[in-house]
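Enquirer: Here it is: the structure, laid out below.
The values are calculated or read from the model by the stated rules, or taken from the named source; none is laboratory data. Worth saying up front: this structure is predicted, and the values here are computed from it rather than measured. Ideal geometry is used to build each Cβ from the backbone, glycine not excepted, and the neighbour counts take in all protein chains shown. Accessible surface areas use protein heavy atoms only, side chains included; no ligands, DNA or RNA. Shrake-Rupley method; radii C 1.70, N 1.55, O 1.52, S 1.80 Å.
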Amino acid sequence: MTLAEEITKLKQEKNAVILAHYYVPGDVQEIADYVGDSFYLSKVATKLENQTIIFAGVEFMGESAKILNPEKRVFMPDATADCPMAHMIEIKDIEKVRAEYPDVAVVCYINSTAETKTYSDVCVTSSNAVKIVKKLPNKNIFFIPDQHLGSYVAEQVPEKNVILNPGYCPRHHAITVDAVRAAKNEHPQAKLLAHPECPKEVLEEADYIGSTSGIIDYATMHDDQEYIIGTVKGVFHELQKKNPNKRFYTISGGQVCLNMEKVTLEKVKMCLETECNEVFVSEEVRRKAMAPLTRMLEMAK
Ligand code: 13P
Ligand code: SF4
């Protein structure tokens, strides 16, 4: 039996379902029941019937699935797979802004810890942040933790006063406008599709800005044959699968999320077999963190 076959068998025996983000290795995406961007995966997590969820992604994703499914068991193939940006905001920073702007709405990117979510008014993902911020009644918005997604939202919703926090994704932050221009010179026919976690100067060069799903859909739906991809290379698996004759280029060698790469087929199998790395969230944190997540699911409709 191949590793993939063993996983399928174990999955059936345990009545488990596997969710995977577009950044995990391609062979893991292939054995998953659902693959998508953060928003799609959190929506899926509210509709599952299986008692066991294996989340092939990073910690905030498994945590969000557990918060939305307290009665289910959620497991991570690698317990150390975490998003560094999720930790780039401290509670004292939120309290400071709340004291200064009593009417502020704390808008929390889903790439954040469960504790941070408990201090937030609404969660967002890259695919719904603009829509949700537009709908909020508050004039003042504290956008945490990502400065780049926050500044992109601020531009799209100029009627709001968006206060930024200095957090960033090390992988997207490292994409420079010079590297983008060099890639464009090398591939003059290619369209640039970028994730809003990229710096502003990079986004200014983009033909399309969107989530991982948005980028995949754009390249799939358009006739252009070449694309420069301004996000983590994990998306190439789905891009190439859906568009075998189109060409996709990276901007630099650093477009790899080392944490997502930790999720391997061997670890998925071990996780199913030994039921290791279960995600636990205290009931108090779960209850409080559920409110902004549920509000996101409602407001994004
Ligand atoms: P998406 O919601 O676009 O999948 O992004 C998740 C992420 O971590 C981007 O770095
Ligand atoms: Fe976090 Fe960046 Fe990895 Fe996304 S790509 S999970 S933001 S470290």
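Enquirer: Tally Lys/Arg at +1 and Asp/Glu at -1 over every other residue whose Cβ is under 14 Å from the Cβ of Y218; what's the total? Don't skip to the end; give the middle numbers.
Expert: Details: positive: K191, K242, K246; negative: D37, D207, D217, D223, D224, E226, E238.
With Lys, Arg at +1 and Asp, Glu at -1, the neighbours total -4.
Enquirer: Between N15 and E284, what FRET efficiency comes out of the Förster formula 1/(1 + (r/R0)^6) with R0 = 22 Å and r the beta carbon distance, rounded to 0.05? Mind showing how you got there, number by number?
Expert: Working: r = 29 Å, r/R0 = 1.32.
The formula returns an efficiency of 0.15 here.
Enquirer: Taking the mean number of other Cβ atoms within 10 Å as a proxy for protection, how do you rank 118-129, 44-55 from highest to lowest? All intermediate terms of the calculation are to be shown ahead of the outcome.
Expert: Working: 118-129: 23.5, 44-55: 18.6.
Taking the mean over residues of other Cβ atoms within 10 Å, the ranking is 118-129, 44-55.
Enquirer: Let me ask something else. Assuming a viscosity of 0.890 mPa s and a temperature of 25 °C, what translational diffusion coefficient in µm² per second does Stokes-Einstein assign to segment 8-71, Rh being the Kirkwood radius over Cα pairs?
Expert: 209 µm²/s
Enquirer: Magnitude of the Cβ-charge dipole of segment 248-301, K/R +1 and D/E -1, about the Cα centre, nearest 20 debye?
Expert: Numbers: 8 positive and 8 negative charges, 61 e Å.
Dipole of segment 248-301, to the nearest 20 debye: 300 debye.
Enquirer: Right, here's the next one. On average, how much accessible surface per residue is there in the chain, in Å², for a 1.4 Å probe, leaving out ligands, DNA and RNA?
Expert: Values: 12880 Å² over 301 residues.
Computed with neighbouring chains in place, this is 43 Å² per residue.
Enquirer: Under a Cβ-only charge scheme (Lys and Arg +1, Asp and Glu -1), can you give me the dipole magnitude of the chain about the Cα centre, in debye to the nearest 20? Don't jump to the answer; show the numbers that get you there.
Expert: Values: 35 positive and 43 negative charges, 119 e Å.
Using Cβ point charges on Lys, Arg, Asp and Glu, the chain gives about 580 debye.
Enquirer: Accessible area of H222, 1.4 Å probe, to the nearest 10 Å²?
Expert: The accessible area of H222 comes to roughly 60 Å².
Enquirer: Now a separate question. Can you tell me the length gained on complete extension of the stretch K301 to E226, counting 0.36 nm per residue apart and subtracting the Cα distance? Could the numbers behind the result be given before it?
Expert: Numbers: separation 75, 0.36 × 75 = 27.00 nm, distance 3.25 nm.
Additional length available on full extension: 23.8 nm.
Enquirer: Could you check the spin-label model distance between S252 and K47? Points 7 Å from the Cα along Cα→Cβ, value in nm.
Expert: Simple spin-label model gives 3.9 nm for this pair.
Enquirer: If you don't mind, there's one more thing I want to ask. Under 29 Å from the Cα of K139, which lysines turn up, not counting those fewer than eight places away in the same chain?
Expert: Within reach: K43, K92, K96, K117, K131, K160, K200, K288, K301.
Enquirer: Same structure again: According to a simple spin-label model (label point 7 Å from Cα along Cα-to-Cβ), what is the distance in nm between E30 and V177?
Expert: Label at V177, label at E30, 4.1 nm between them.
Enquirer: Going by Cα centres, segment 148-206 and segment 259-290 are how many Å apart?
Expert: 31 Å
Enquirer: Let me ask you something else. Calculate what fraction, in whole %, of the accessible area of the chain sits on carbon and sulfur atoms when a 1.4 Å probe is rolled over the protein chains.
Expert: That share works out to 50 percent.
Enquirer: Counting DSSP beta bridges in the chain, what percent are antiparallel, to the nearest 5? All intermediate terms of the calculation are to be shown ahead of the outcome.
Expert: Numbers: 1 of 33 bridges.
Among the beta bridges of the chain, antiparallel pairing accounts for roughly 5 percent.
Enquirer: So how long is each side of the chain along the principal axes, counting just the alpha-carbon atoms, biggest first, in Å?
Expert: 55, 51, 30
Enquirer: Do any of K66/K233; K47/K72; K184/K262; K134/K242; K191/K242 go past 22 Å between their Cα atoms, and which?
Expert: With Cα atoms farther than 22 Å apart: K66/K233; K184/K262; K134/K242.
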